[in-house]
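The values are calculated or read from the model by the stated rules, or taken from the named source; none is laboratory data. If you're wondering where the values come from, they're calculated on a predicted model, not measured in any experiment. Cβ atoms come from the backbone with ideal geometry, glycine included; neighbour counts cover every protein chain shown. When the accessible area is computed, the model is the full protein with side chains, heavy atoms only, and any ligands, DNA or RNA have been set aside. Shrake-Rupley method; radii C 1.70, N 1.55, O 1.52, S 1.80 Å.
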Amino acid sequence: MSNLSGIRHADPLSVLEVHLDAVARNWLSLKKRLKNGADCAGVVKADGYGLGAAKVAATLFEQGCRHFFVAHVDEAQALLPLTEDDKTAASVYVLNGPQGAAAKDFVHHGLIPVLSSMEDIRYWSQEAAGSPCVIHIDTGMNRLGLGPKDVKALAEDRTLLGGLDIRYVMSHLACGDEPDHPLNTEQLELFQNLSSSLQRPMRLSFANSSGIFLGTDYHFDLARPGCALYGINPTAGDNPMLGTVTLRAKVIQIREIETSGTVGYGASYRVAPPAKTATVSIGYADGYLRSLTGKGAVFINGVKCPVIGRVSMDTVITDVSHVTDFGDGYAEIIGKNQTVDEVAAQAGTIGYEILTSLGKRYKRVY
Ligand SMILES: *Cc1c(COP(=O)(O)O)cnc(C)c1O
């Protein structure tokens, strides 16, 4: 391959552009959908769904977001700058609960654990008496949260309940992205019943991204959108959200196929002349999932080029027989030609997994 092909050797191999303005607009549009008085949080777990939690959280904070959810206590580290000067400037909740660090460290950093079992609640009462917490009720997902029996036990234990500084009582939808699923209304009713059985008036949090689109009954006091902030479609219809990433990887070699042969590991794909292939600098180590083998496509200068042969660790091979102009020499993986949800569909997964798998080797541009 010579420079005559137009390949610019010094350019980065792959570039991930994160459009923080789009994240901000997505948050504002979700907030606008909420019923009067409801707050809109930002879920920034898993490093802001792969986009970068510190940058995303700072962007949302600027727009007025004051509630942030992470999954692991360590993920809260990225958010500490928000509350450096004033511990009350924002609330940071830890979904997976008061585990992974000592209770005193949660308290020291002002982190609010989501308590999902009676064991969690007793632990927090003993180790961090009077420090804020969230109580998670399970209403049908059977993942985390107090079941009906636990809620009854808590309601009856006035000393335990009375000693807790409960910021929110929350639950989580299992099928929010399927508006007609009967479990949605079942969970809603159970949430209303169980939360009211705790007697004290409690602030409530129920909706994730999809839940926001199920209607105002689902909004309560605090919504917890994640995926929609990042442009993943939270609805069953057209995507009302803006895409937030552009991912491009460089064409590092173009091959004219002069004799019939195979492409990639396992010799699983056969090519015959006349054909032209391009090797693109992205692979499964970058989060371009191996399941995109035989399913994926990239866009070169706006032309769709199917992935041929197996996705390898650092490269994919694409059929560029019909590409005449390689433009800037990059293949678009995610962007205006192809959404995260489309790549996910090709890979047989969901947009969440594509974003949270995004690799560390990209040059990141915010
Ligand atoms: C991840 C998560 C969210 C955000 O869900 P999205 O579907 O990404 O909007 C909200 N609540 C809980 C408990 C979660 O685990």
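Points to keep in mind about this one:
- Extended-chain gain in nm, criterion 0.36 nm per residue less alpha-carbon gap, ASP21 and ARG66: 14.4 nm
- Sequentially through the stretch 107-114, phi angles give Karplus couplings (6.51, -1.76, 1.60; θ = phi - 60°) of 5, 4, 8, x, 7, 10, x, 8 Hz, Gly and Pro residues having no value and appearing as x.
- Under 20 Å from the Cα of LYS250 - lysines, other chains or at least 8 residues apart: LYS276, LYS295, LYS304, LYS336, LYS360, LYS363
- Calculated FRET efficiency for the pair ALA236/ASP165, C-beta based, R₀ 25 Å, to 0.05: 0.05
- The amide H of GLY110, built 1.01 Å from its N in the peptide plane, has no neighbour under 5 Å, considering only residues 5 or more places off or on other chains.
- In the distance distribution for the stretch 234-278, Cα-Cα pairs more than 14 Å apart total 67 percent.
- Modelled spin labels at THR324 and GLN99, positioned 7 Å past Cα toward Cβ, are 6.0 nm from each other.
- Electrostatic bookkeeping for PRO113 treats Lys and Arg as +1 and Asp and Glu as -1; over the other residues with beta carbon under 12 Å from its beta carbon, the sum is -3.
- Extension reserve of the ALA272-GLU156 stretch, reckoned as 0.36 nm per residue once the Cα distance is removed: 34.3 nm
- Proximal lysines relative to LYS104, as straight alpha-carbon distance under 28 Å, when same-chain residues fewer than 8 apart are discounted: LYS45, LYS55, LYS87
- Evaluated at q = 0.19 Å⁻¹: base-10 log I(q)/I(0), Debye formula over Cα of the stretch 1-158: -1.21
- Taking the protein heavy atoms of the chain in the context of the full set of protein chains, the accessible area attributed to carbon and sulfur is 49 percent at 1.4 Å.
- Under the Debye formula (equal points on every Cα, no solvent term), log10 I(q)/I(0) of the chain at q = 0.08, 0.09, 0.12, 0.15 Å⁻¹: -0.48, -0.59, -0.90, -1.20
- Note on the chain: helix-only mean residue ellipticity at 222 nm, from DSSP H runs of 4+ residues weighted -39500 (n - 2.57) and normalised by residue number, equals -7000 deg cm²/dmol.
- 14 Å beta-carbon shell around LEU146, net charge (K/R +1, D/E -1): -2
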